[in-house]
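Okay, structure first, notes after.
Each reported figure results from applying straightforward, stated rules to the coordinates on display, with no laboratory input. Owing to the predicted nature of the structure, the values given are computational and were not obtained by experimental measurement. Methodologically, a virtual Cβ is constructed for each residue, glycine included, from the backbone with ideal geometry; neighbour enumeration extends over all protein chains shown.
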Amino acid sequence: SGGGKRRWLAATAALLVMGAGGVWAVGAGLGPGGSGGAGEPDGSKGAAEAFSPWRTPLRTAGSATPVCSPGEGSGEGLADGSGSGEAGSGRPSGLYCAAGGAGVSRLDPADGRVLWSRRAPAPGPSVGVVSVSGGLVHTAVPGGKLRAYDPVKGEQVWDADLSPYLGTPFDAGDTLLLVAEDGTTEALDSATGVSLWRHPLAGHQRPDYALYDDRTGLAYAFEHSAYGSTTLVTAVDAATGHTAWQRRLDGMLTPVGTSDGALVLTAMNGDAQTVGLVRYEPGSRHVVRLDLPFRMNEPEVVVGGDTAYLLAHGGTLVAAGLRPDGGETVRWQLETAAGRTSAPVLAAGDRLYFSAADGRLLAVDTEHGKLLGQTGPRLRNGRLTYSSALPAPVAAGRTVFGTAPDGSVFAVDGQDPARW
């Protein structure tokens, strides 16, 4: 049902336990985790001139795993003169992380130093980094407030009441989309919090937003029929609210990506298992259905070029072709033995990264389907913890940023996974 799917989407928002507190700055005597100095070294410094791995423990509560978002742009340095962004490095202007007990923090991507943090008293309501867009950092407290902070100083710029809306805001470029109880969609300008448009989507009762394509500016809403026999899909211009196209497709489908102008969706059976992929071309209205060789339980999916990568519970990773003629469905399959995982993230150099529940970060060669390397586990007190969803890593340039249940944020060299 629409409500069940919404609860599932809300669970994957990687919301973390904390509240809103005052801004505090890290001085010379107070480094990450209160230990002083910059982030702790993490690994060999033999190639320090080219790349220096780091690890920063955040002051988290319980077994909270931090969730991070990169700042807008790369190689621009930091606006306040702090940090060490490098021109052409591909490094983000900042790394913004949230965790239970730690609040929202800005880390220097080069060395892991905490530049500012909006710390929260514990216990507090759930909150997580929603987006970094419109020049601001956004966090959401379900049933409470949507807050926007200045990325350089950490000062609150604006807030909005979330109580009339379902779930959390959906990040669509420089727009935040909210769905009300009656199914009405409202779009907020992420820079100002001003409402850009508000209206229901034709044919929808309670739409879910599952995908945004920054190349076209389109956000994709979907809604299953009462018994899951069909899915209504609507492509909406996030900035204006204009409906670009709408189509009802057979099956219980969820948009997961785009490929050469076509929308890619997963297809589930009545047991909520993913059994195939659907490729829909809105211009020609051509539909191609691709069957998977076996059922996959709740896979996380990322689409790159003409390939979809499906990472299921249990660690099975499948690369499925998305050719318009429907040929060559499975290109390779890899058993990662990772158990429960985050969503996979694609990066340059034929790389795919994802995190495991024990804090490992894994790298896979997408061309050959081979495991390239992985970090060691990072558990709190040696115990495997549970959370509704695992935050995905962040890949920027040659750096990959991971988070772990020991409350740490760390950076490794994406060019050399074998040395992790």
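The label-point distance for Ala272 and Arg295, in a model that sets each label 7 Å from Cα toward Cβ, rounds to 1.3 nm. Counted by Cβ distance under 12 Å from Val287, the other residues give a net charge of +3, where Lys and Arg count +1 and Asp and Glu count -1.
All C-alpha to C-alpha distances of the range 293-383, sorted into 10 Å bins beginning at zero, yield P(r) values of 17, 51, 25, 6, 1, 0 percent in whole numbers. Note on Lys153/Ser195: beta-carbon distance plugged into 1/(1 + (r/R0)^6) with R0 of 30 Å gives a FRET efficiency of 0.70.
From most to least packed by mean Cβ count within 10 Å, the peptides 282-292, 205-215, 404-414 give 404-414, 205-215, 282-292.
In the neighborhood of Arg119, defined by Cβ-to-Cβ distances under 13 Å, what is the net charge if each Lys or Arg adds +1 and each Asp or Glu adds -1? Neighbour charge sum, excluding Arg119 itself: +3.
Let's test the formula: R0 of 22 Å, r as the Cβ-Cβ distance of Thr240 and Asp214. What FRET efficiency results, to the nearest 0.05? Efficiency at R0 = 22 Å is approximately 0.90. Ranked for footprinting exposure by Cβ neighbours inside 10 Å, fewest first, His138, His242 give His242, His138. With kT/(6 pi eta Rh) evaluated at 20 °C and eta = 1.002 mPa s, and Rh the Kirkwood radius from Cα pairs, the range 269-331 diffuses with a coefficient of 176 µm²/s according to Stokes-Einstein.
The order of Phe294, Phe222, going from fewest to most other C-beta atoms within 10 Å of their C-beta, is Phe294, Phe222.
Each other residue within a Cβ distance under 13 Å of Tyr353 adds +1 if Lys or Arg and -1 if Asp or Glu, for a net charge of -1. Annotation for Thr230 and Arg323: the two label points, set 7 Å from Cα along the Cα-Cβ direction, are 3.2 nm apart. Mean projection of the Cα convex hull over all viewing directions, computed for the range 164-248: 5.3 nm². With each label modelled as a point 7 angstrom along the Cα→C-beta vector, the Gln415-Ala337 pair spans 3.0 nm.
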